[in-house]
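Only one structure is covered here, and it is reproduced in the block below.
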Ligand SMILES: *Cc1c(COP(=O)(O)O)cnc(C)c1O
């Protein structure tokens, strides 16, 4: 049994993918070949965003808009306390300070009320309003941007976040690395009206390539131009005119060629994931396994199907013995990562994130998970899960 089955999809698309790869090999345009532009156009159409700028990874897709906005030392960038490391890493990499915010325990996403409190706390430099990094004490930092994460594929709650951000003049960057294909109030992830959105094409994400890749989405013409420049060493009017400091952040033509046929079936695959999620929810209902909640108006892309368990580690070990792969995303909060210890957050700063880190277990989830395999996973879980720790 596979945790995320990439082979079945490959068998399904094999002739199309090989044709696309062959076309690139025959032409030899490995860097910024025509498939890159074709993909960007189709991705922008899928998400209904004005611009799509493909790039080398989801991490670069987060980094480049922050660089374009001039985020740096003295700036506060708000981010959820429970996410993949890159969500906060890009902030620290630019010398700005990640100000972490606790999550909503039902959705694992940033809590909009706590986010609003965190912004006020940074403005006043007052840790009584919200746990603050030592760098923000006494009003030393300027609030600049919010990075939300669409964790496990479910969009964050954008209406209150965008409302607050407009009042506080903050830029909002949607980290949709796991969320591409998800829907919030009728609009697809990366087209939700944030100032910019970032996704990843890491193979295990809902839309994955065969290596690293990512993309930025925005409706802002100026931001799009800046990201296109930053993507190629801050290029100006031509390749050897460097107007600003940038990166080598391009998506390979081969990866664009692989993504094109995959994008054509993404909508259908997202539908198939809904069915898998429904079978888990029904099979585990009323048990000691708490299944994920998807509020009205949200559709998850189900990058992960993550349950909560009081005896998580024992269940994970028992399932592993039975040949059922599981994952713990994430065993630590961002505040507990050694690399961010310099922020000086206390061990109990983000109680919901800390509780999640102890209880979460991600189950096999992909569009090709069959009913028989899923029955076995559900039966094993019902057998092993205990109501008490
Ligand atoms: C995967 C992921 C990233 C980083 O994407 P890469 O393509 O691996 O650089 C960023 N944020 C979140 C939430 C992710 O899951």
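The values are calculated or read from the model by the stated rules, or taken from the named source; none is laboratory data. Just so it is clear, the model here is predicted, and its values are computed rather than measured. Heads up, the Cβs are rebuilt from the backbone with ideal geometry, glycines too, and the neighbour counts pull from every protein chain shown.
Please identify the pairs in which a residue from the stretch 303-330 that is part of a loop (DSSP other than H, G, I, E, B) has its Cβ atom under 8 Å from the Cβ atom of a residue that is modelled with pLDDT under 95 and within 16 Å of the ligand (Cβ to nearest atom), counting only partners at least 6 apart or on another chain.
That search, which allows pairs on different chains as well, returns nothing.
Take the stretch 75-90 and flag every residue that is more than 10 Å from the ligand (Cβ to nearest atom) and either out of contact with any helix residue (DSSP H, G or I) (no Cβ under 7 Å at 6 or more places or on another chain) or at pLDDT below 95 (or both).
The answer is 75, and nothing else.
Could you list, in sequence order, all residues of the stretch 174-206 that are more than 10 Å from the ligand (Cβ to nearest atom), crowded, with 24+ Cβ neighbours inside 10 Å and not in a strand (DSSP E or B)?
Passing the criteria: 180, 181, 182, 189, 190, 192, 194, 206.
Mind listing just one residue for me: the one in the stretch 31-59 that is within 16 Å of the ligand (Cβ to nearest atom) and part of a helix (DSSP H, G or I) and, of those, farthest from the chain's Cα centre (by Cα)?
So the residue we want is 39.
Residues being more than 16 Å from the ligand (Cβ to nearest atom), on the phi < 0 side of the Ramachandran plot and not in a strand (DSSP E or B): count how many of those fall in the stretch 131-156.
Of the residues in the stretch 131-156, 9 are more than 16 Å from the ligand (Cβ to nearest atom), on the phi < 0 side of the Ramachandran plot and not in a strand (DSSP E or B).
Could you please tell me which pairs satisfy a Cβ distance under 9 Å, a separation of 6+ or placement on different chains, a first residue in the stretch 40-61 that is without any contact (Cβ under 8 Å) to a residue 60 or more places away in the chain and under 17 Å from residue 210 (Cα atoms), and a second residue that is away from the ligand (no atom under 15 Å from the Cβ) and part of a helix (DSSP H, G or I)?
As it stands, the answer is none, since no pair meets every condition given.
Looking only at the stretch 157-171, decide whether some residue is in a strand (DSSP E or B), in contact with a strand residue (DSSP E or B) (Cβ under 6 Å, 6 or more places away or on another chain) and more than 11 Å from the ligand (Cβ to nearest atom).
Yes, there is a match, as at least one residue in the stretch 157-171 is in a strand (DSSP E or B), in contact with a strand residue (DSSP E or B) (Cβ under 6 Å, 6 or more places away or on another chain) and more than 11 Å from the ligand (Cβ to nearest atom).
Could you grab me the full set of residues in the stretch 272-291 that are in a loop (DSSP other than H, G, I, E, B) and either within 16 Å of the ligand (Cβ to nearest atom) or buried (at least 21 other Cβ atoms within 10 Å of the Cβ) (or both)? Let's see the steps before the verdict.
Our first condition is that a residue be in a loop (DSSP other than H, G, I, E, B); within the stretch 272-291, this holds for 285-289, 291.
Listed by number, the list holds a single entry, 289.
Any residue at all in the stretch 106-115 that is within 16 Å of the ligand (Cβ to nearest atom), surrounded by fewer than 22 Cβ atoms within 10 Å (Cβ to Cβ) and modelled with pLDDT of 95 or more?
yes
Among the residues of the stretch 358-389, count how many are in a helix (DSSP H, G or I) and surrounded by fewer than 21 Cβ atoms within 10 Å (Cβ to Cβ).
14
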